[in-house]
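Take a look at the structure below.
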Amino acid sequence: MGTDNRDNIHINSKNKNNYANESLLKQEMDSILKYETDEEEVIDEEELRLEEEHFKEYQARITKRINEMKEEHDRQIFHRNMIKAGAAVLAVVVVGVVAFNMIGTRILAPRSVDEAAAAEYSSEETQDVATNAGTQTASAAEASTEPSVVEEKYVAVETADTREFGPEIVSTCGILMNADSLEIVSERNAYAKMYPASMTKVLTLLVAAENLTQEQLEDTFEITIEITDFSYSHGCSAAGFDVGEVVKVKDLLYALILPSGADGALGLAYYIAGSQEAFVDMMNAKLEDLGLADTAHFTNCIGIYDDDHYCTAYDMAIIMRAAMDNELCKEILSTHYYVTGGTEQHPDGIELSNWFLRRIEDNDEGINVVCGKTGFVNQSGSCAVSYAESENGEPYILCTGNSSSSWQCIGDQTILYADAMQDDNMTGYSVSAAESNSGGIDEE
């Protein structure tokens, strides 16, 4: 750092003649400027050092949390294996006790020859019945683990009337099916790989709803810094819960869907499974139950892009169909507006809105879109999965992906629903592409 020469400048009666010398004055000014330049460089270096320290602290915190999440996942796996091992040991003990009782009874009980013969015949008959029953039970158990059995409940099929999306539809993939008959009305690249973005949260909701009791809905969960940091660092949308805020589990469900909140998704994952990784394992198990594991696999409960986080439009439509069979899922997916319970951080609660439902109502000419969830990542464009009913109550499920904007996605869905419901409603209503291509919005 340069020496501060500013204090040496004193204009008085003794040095007036010195400062009359222009060269000396120039030297003094150069010295002052050099000092100020050196001072600015030091300040810049200090700011850079502080920023670097802050970044290292943040990086260390994230790394620590990732390691903690991995350890928690390992503990979950260990406990799960211990439970399975304990069940196997218990089964062996029970079989041994039953066998011992049967042998002891045969040896110790005094019987006549006729009684012994009758007992032997009865025993053989019982064993045959037990063998047959065991075979049937084993077959049933084996069948219950086969996706094909569950698939029978949710298998959409093409018919002679199934058609391609028209040229006015911008979405590059999608499928529209009758939710009752599961007949495919129309489709485009319905079985092509896509990235589901925040449509992922429909499966998150379904798995959560199936693993929560009515009493647990009134339980509370404290939002952690790991949840808010994860949401912020990945650029996720959020309901707006603060660190340390104690939130009802029921409110987490609404926060998950209406504003597409990552804080709601992670809160549910930690509450139900202890970690996001363990909860994602449950999500993939549900995909297997639905018969979708060959074409769908999720790596997170939010919808963050990952090349290994994928499905098809067909898969997402089936997930939505399964969600419609769950009353809690249907209630939340159909809610337009909700206010969370008051907390210390938000005494009046947080207002939440399902903007997709509120926006698509503007085009609701005989089309009653009951439930919906949108999504967006660069790799999938604007996408949405929804459930609608015609005027005579005929139910439909529609999934579209890779549209050019949120409003265009709504326009695509409006056109497809109107076309399918034209005969159902007997209104002759249709929506032109021009009517649906107004405005532009961004949606997570």
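Using θ = phi - 60° and the Karplus relation 6.51 cos²θ - 1.76 cosθ + 1.60, list the HN-Hα couplings for the range 319-326 in order, rounded to whole Hz, with x at every Gly or Pro.
4, 5, 4, 5, 5, 5, 7, 9
State which entries of K248/K373; K56/K193; K286/K330; K193/K250; K56/K373; K250/K373 exceed 28 angstrom in Cα-Cα distance in the structure shown.
K56/K193; K193/K250; K56/K373
In nm, to one decimal, how far is the modelled label at K56 from the one at D180, with both set 7 Å along Cα→Cβ?
So the label points at K56 and D180 sit 6.8 nm apart.
Between the range 257-282 and the range 224-251, what is the C-alpha centre distance in whole Å?
Each part reduced to its Cα centre gives a spacing of 10 Å.
Where in the range 318-360 are there GluC sites (Glu not before Pro) that are in a DSSP coil and have at most 15 other Cβ atoms within 10 angstrom of their Cβ?
Within the range 318-360, the qualifying GluC sites (Glu not before Pro) (loop, at most 15 other Cβ atoms within 10 Å) are E344.
Between the range 294-332 and the range 176-195, how far is it from one alpha carbon centroid to the other, in angstrom?
14 Å
Among Q214, A192, N178, whose Cα lies farthest out toward the positive end of the dipole of the range 177-227, if unit charges sit on the beta carbon of Lys, Arg (+1) and Asp, Glu (-1)?
Sorting the options by dipole projection puts first A192.
Once you place label points 7 Å from the Cα toward the Cβ at D219 and K193, how far apart are they in nm?
Label-label distance for D219 and K193, simple model: 3.7 nm.
Which whole-Hz couplings ³J(HN,Hα) result when phi for each residue of the range 386-399 is put into the Karplus expression 6.51 cos²θ - 1.76 cosθ + 1.60, θ = phi - 60°, listed in order with x for Gly and Pro?
8, 10, 9, 10, 6, 4, 9, x, 6, x, 9, 10, 9, 10
Amide H of N354: which non-local residues (sequence gap of 5 or more, or other chain) have their own amide H closer than 5 Å, using H built in the peptide plane?
Y337
Just so you know, all these numbers are worked out from the coordinates, no wet-lab data involved. Keep in mind the model is a prediction, meaning the values are calculated, not measured. Here Cβ is always computed from backbone atoms with ideal geometry, including for glycine, and neighbour counts include all displayed protein chains.
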